[in-house]
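Contents: one structure, followed by commentary.
The values are calculated or read from the model by the stated rules, or taken from the named source; none is laboratory data. Only a predicted model underlies this, so the values are computations on that prediction, with no experimental measurement involved. Cβ sites come from the backbone with ideal geometry, for glycine too, and all protein chains shown count toward neighbours. For accessibility, only protein heavy atoms count, side chains too; no ligands or nucleic acids. Shrake-Rupley method; radii C 1.70, N 1.55, O 1.52, S 1.80 Å.
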Amino acid sequence: MKKIPLYFLLLLILAGESVFILPFVLSRVFRPTVLEVFGLDNIQLGLCFSIYGIVALLSYIFGGPLADKFAPRKLIAVALWMTALGGLVYATFPSYLVLKILYGYWGFTTIFLFWAPMIKATRVWGGSTSQGKAFGFLDGGRGLVGALFGTMGVFIFSFFITSEVAELSIYESRAAFKQVILVSSLIVVLVGILVWFFLKLDHEIEKEIILEKITKTQITAVLRLPSIWLLMIIILCAYVGYKITDVFSLYARDVMLFDQVQSAQVGTFLLFIRPVIGILIGILADRSQTTLWLVIGFIVSFFGALLFALGLISDASTALFFISILIVATGVYAARSLYFAVMERGQIPLVLTGTAVGLISIVGYTPDIFAGPAMGYLLENSPGIQGHQHVFWMLAIFSFIGSIAAWYYYRLYGKKSLN
């Protein structure tokens, strides 16, 4: 297969995070602000994410095979434009009912036409020798894009604030946050235009990776692979960890006693860790064992979770707070960067990548349904540091289960030749 230029991967990185800015990144960076301006508590916001997850679940099932029948360029561009349209509704600060419908809409736009094509296109770019680099750069690069969006968002939000942060009214918060939403939506539209015109594959490559028809026999053959079932568990556990990173900005406010802007800066700091980890782990994985580094990621995440779960971090230990964020983020982002990079090792056919991703994601991304409400319930029923401890015990448990599944994957595929 001919080598695909680097700008192809850069466009995938840009698109891969832009599509999730509105439903996820803004609420991760500005969680305290989002709760205030929409008049929500943690459980209600969690339920919005659940509705997103339920729609996404159906979208994985039908969107996966779609990626094996059509070239990624058009699917990804349309997904970006449809997602940006939702931003216009978001900027009106709709009622809770409309907000839930909006998150359901985003569950469709960001997954059905987008997710499997992005993963398949990344796998195509990586070839047979650079899967770790391809997916490490994808996730790390997405982290950098998210961090830049977060930084831009904090700057715009701060720019439109006219009074002291501690005395900020809900009216001023809404006015400032509306500008953040509108600028983000415009950028998502522009990224869609770039994808439409430049995310093109050579005709010969397209012929190799696209099927006219996907049969039940092919789907059954994919389901018989042990790697598919193990990746379902691995991704589920890693994705719980990723979802739990959403609470760091809230931890900063509730436990560390930071204000709204400082809390948002904590969320942005987290986003800047992601590109560093993704790029480093991708390079290391290709030079050694991708599957082994996946195991290490879960182990690091487990020990980082314990630092928070045991209540070792208080408002008197700011340095330890940031060090602990770094440890958790290293483990979580390492696992997240590599879980699709091991598909090649798991002997999953390239031409059926979309179908395989769809099947794996049905289980792997169920945290979109349960993680938000679970965290919301734990935080609302045990206010203060205790609720956050419960959330990090949840992270520790899933990291432990993930490490066992990843270790078994390593035992099955880690030492096998790809030839």
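Under a Gaussian network description of the chain, with springs only between Cα atoms under 10 Å, the residue in ASP286, ASP246, ASP315 that fluctuates furthest is ASP315.
Distance between the pseudo-spin-label points of GLU36 and PHE159 (7 Å out from Cα toward the beta carbon): 2.0 nm. Shown for the stretch 59-140: the carbon plus sulfur share of the solvent-accessible area, taken with all protein chains present and a 1.4 angstrom probe, equals 75%.
When the alpha carbon gyration tensor of the stretch 1-99 is reduced to an equivalent ellipsoid, the three semi-axes, largest first, read 30, 16, 12 Å. Residues within the reach of a label modelled at GLN262 (point 7 angstrom out along Cα to beta-carbon, backbone nitrogen below 18 Å), restricted to the stretch 377-408, are 384-385.
Listed here are the pairs LYS133/LYS243; LYS69/LYS216; LYS120/LYS216; which of them are more than 18 Å apart at the Cα? Where the Cα-Cα span goes over 18 Å, the pairs concerned are LYS133/LYS243; LYS120/LYS216.
The apolar share of the surface of the stretch 285-405, taken as the fraction of accessible area on carbon and sulfur atoms (1.4 Å probe, ligands and nucleic acids excluded), comes to 71 percent. With 0.36 nm allotted per residue and the present C-alpha distance subtracted, the LYS74-ILE323 stretch has 85.4 nm of extension available. The modelled label-to-label distance between VAL189 and TRP393, using points 7 Å beyond Cα along the C-beta direction, is 4.8 nm.
Over the chain, dividing the summed -39,500 (n - 2.57) contributions of all DSSP H runs of at least 4 residues by the number of residues returns a 222 nm mean residue ellipticity of -25500 deg cm²/dmol. Taking 0.36 nm per residue of separation and subtracting the current Cα-Cα distance, fully stretching the chain between ILE170 and TRP196 would add 5.5 nm.
Dipole check for the chain: with +1 at the C-beta of Lys and Arg, -1 at the C-beta of Asp and Glu, and the Cα centre as origin, the magnitude is about 1480 Debye. Span-like helix check, the chain: qualifying full DSSP H segments, with Cα axial length of 18 Å or more and mean Kyte-Doolittle of 0.5 or more, are 6-20, 42-67, 72-90, 96-109, 131-159, 170-198, 226-244, 260-287, 290-309, 318-338, 385-409.
The residues of the chain expose, per residue, 39 Å² of accessible area to a 1.4 Å probe. Counted without the sites themselves, the longest stretch of the chain free of GluC sites (Glu not before Pro) in a DSSP loop having at most 12 other beta carbon atoms within 10 Å is 213-419.
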